[in-house]
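The values are calculated or read from the model by the stated rules, or taken from the named source; none is laboratory data. These numbers were taken from a predicted model, which means no experiment stands behind them. All Cβ positions, even for glycine, are placed from backbone atoms using ideal geometry, and neighbour counts span all protein chains on display.
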Amino acid sequence: MMGSAMAALSVAQMASANDQCIKRSEKLALKTAAVQQQLMVAALTCHAIPKYNRFVVSYRGELLRSDNALKAFFIKHGSVADYHAFKTKLANSSSLTSIGDPEEYCHMAYAEFDVALAPRHEPLREFVAEQNVPMEVAYSDCRGDDTVVVASHRERRALHRLHHQLAKASAEGEP
């Protein structure tokens, strides 16, 4: 999605080495927060506040449940202050991403709003699962079969440029 937000968690300080894994539901809550923060920043940056408001109203129940799960995760592994810091870092990271190429950023943002707000839109968890939202966290999946994606701002920008080049080449009919 739009350049992908990244948030750093000081997880090593929040939990012992034996307690550094996240459940699928916790991972989804982290990712949902990242997607919501990206869309909020996009709404402000791209003058799409009515679209963001429709997104929040359309998914209100799911967003509230996810945010409660996110807060419970941070209380379990740290504190409410860590929850607020995480969300602030997500928003700040999204803001930084939007600065690079605002026109492309807004183009992608409007496309994401269109998907999220389609007349027969999918449940929030499915929409979020489809989003590419790297987050830097020191937890792996508790099932041991998946590690949470980690990407630096530089890596995300390079990936964004590559996707843009590939889309442009595809539109021009290049293989």
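Numerical summary
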| quantity | calculated |
| --- | --- |
| Residues of region 88-129 that turn out to be touching a Ser or Thr at 6+ places or on another chain (Cβ under 8 Å) and assigned to a helix (DSSP H, G or I), as a count | 11 |
| Options Ser94, Ser66, Ser152: the member that is at pLDDT below 90, closer than 21 Å to Ala43 by Cβ and under 15 Å from the mean Cα position of the chain (by Cα) | Ser94 |
| Identity of the residue in region 69-89, small (Gly, Ala, Ser) and at pLDDT 90 or above, that ends up farthest from Ala29 (Cα to Cα) | Ala81 |
| Some residue of region 99-106 being modelled with pLDDT of 90 or more and under 17 Å from the mean Cα position of the chain (by Cα) | yes |
| Residue under evaluation Ser98, criteria (1) surrounded by 16 or more Cβ atoms within 10 Å (Cβ to Cβ); (2) within 29 Å of Cys142 (Cβ to Cβ), criterion not met | (2) |
| Any hit, region 27-50, residues being within 26 Å of Ala111 (Cα to Cα), in contact (Cβ under 8 Å) with a residue 24 or more places away in the chain, in contact with a strand residue (DSSP E or B) (Cβ under 8 Å, 6 or more places away or on another chain) and among the charged types (D, E, K, R) | yes |
